[in-house]
């Protein structure tokens, strides 16, 4: 009797295994075969897709594939079908159309719950993006037209603070990133919420910069789960996902306190920054009773997005600039010569000087080309 039961159990197990194998193959076939006209692409392994063949520099791998499959082709990253556009003109044309403005729903972006401006889409993204563009123009362009560029003044203050911080080391080696990050964050903070702090004077501010820096590292570790969801059960990946959640809660709490304190001194007739403009607009749409996405949660995530994205990209680019100049002393001499001739020694360069400083301008563009800290940008999703 026991032997018959074991045989029956073994037969059932075999049938179940065969069933799941067939189901898996059919599911993979349905994902990779469609009656829709899709672009060509390379061979993909079930479950893994093209991921095993991705090189160290993903963007260079994609560029090589374009030589074989054309400017528009498809690949599978894990179980996700991804269409790659490898042509500047086609990218520009595509991104002009609202249908390409979506964001993919991934395990990592789910943590944001649809808030913010970087990973949101649809009506929320369109409304918030339009508002932010309008406010930034009011803050920046208007001041430039009036020859009262407060933004440039704020940048110059941070440049001086940065140089003063370096002078304290008296030609000794130091880790330069924290000082760059502090200067960049203060410029962003002054635009967002009139925030200007010194890294060494405010423990909470220093902790915020550390959280943002750590957040990008955790996202890098957790990224594979976006393409192969089953990886969430691997301890190191699951730990990274949990740390991203904790990170977001902590940064959110920091910005929430800033917003609450800012609200107490709000003067609708004298807007100081983006936060003021947002709070006024939020109250306006609430009083009108119209459907809107203006909320405190959205404001907090916008601040988180702008701090994180702005600080990381600009800080990393400036680090690359310093490294490139260290490796190219002749370029340093040429830039210094141009600065001495055009700017002199009694002031800092301004944007107005750029027209007369072609070598410095060319160097900046070359740094941006060579560093390219976000080679692929943010992934897009078609809304139809």
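The values are calculated or read from the model by the stated rules, or taken from the named source; none is laboratory data. Predicted model, so just to flag it, every value in this text is computed and none were measured. Neighbour counts are summed over all protein chains in view; Cβ atoms, including those assigned to glycine, are modelled from backbone coordinates with ideal geometry.
When 368, 383, 351, 299 are checked against the criterion of being in the same structural domain as residue 246 (by TED's automatic domain parsing) and either touching a helix residue (DSSP H, G or I) at 6+ places or on another chain (Cβ under 7 Å) or more than 19 Å from residue 209 (Cβ to Cβ) (or both), 299 stands alone in meeting it.
Here the condition is being in contact with a helix residue (DSSP H, G or I) (Cβ under 8 Å, 6 or more places away or on another chain), more than 22 Å from residue 303 (Cα to Cα) and modelled with pLDDT of 85 or more; of 90, 132, 77, 124, it holds for 77 alone. On the basis of being out of contact with any strand residue (DSSP E or B) (no Cβ under 8 Å at 6 or more places or on another chain) and surrounded by 14 or more Cβ atoms within 10 Å (Cβ to Cβ), does residue 366 make the cut? Answer is yes for this residue. Residues that are more than 23 Å from residue 110 (Cβ to Cβ), over 22 Å from the mean Cα position of the chain (by Cα) and modelled with pLDDT of 90 or more are absent from the stretch 290-298.
There is no residue in the stretch 322-330 that is surrounded by 12 or more Cβ atoms within 10 Å (Cβ to Cβ), in contact with a helix residue (DSSP H, G or I) (Cβ under 7 Å, 6 or more places away or on another chain), at pLDDT below 90 and assigned to a helix (DSSP H, G or I). It is to be established whether one or more residues within the stretch 305-321 are over 23 Å from residue 115 (Cβ atoms), outside any helix (DSSP H, G or I) and touching a helix residue (DSSP H, G or I) at 6+ places or on another chain (Cβ under 6 Å). Checked the stretch 305-321: no residue is over 23 Å from residue 115 (Cβ atoms), outside any helix (DSSP H, G or I) and touching a helix residue (DSSP H, G or I) at 6+ places or on another chain (Cβ under 6 Å).
Residue-level check: of (1) surrounded by 14 or more Cβ atoms within 10 Å (Cβ to Cβ); (2) closer than 20 Å to residue 50 by Cβ; (3) free of Cβ contacts under 8 Å to residues at least 60 places away in the same chain, residue 104 misses just (3).
Which one of these is on the phi < 0 side of the Ramachandran plot, part of a helix (DSSP H, G or I) and within 29 Å of the chain's Cα centre (by Cα): 375, 362?
Details: 375 fails: part of a helix (DSSP H, G or I).
Matching residue, one of 375, 362: 362.
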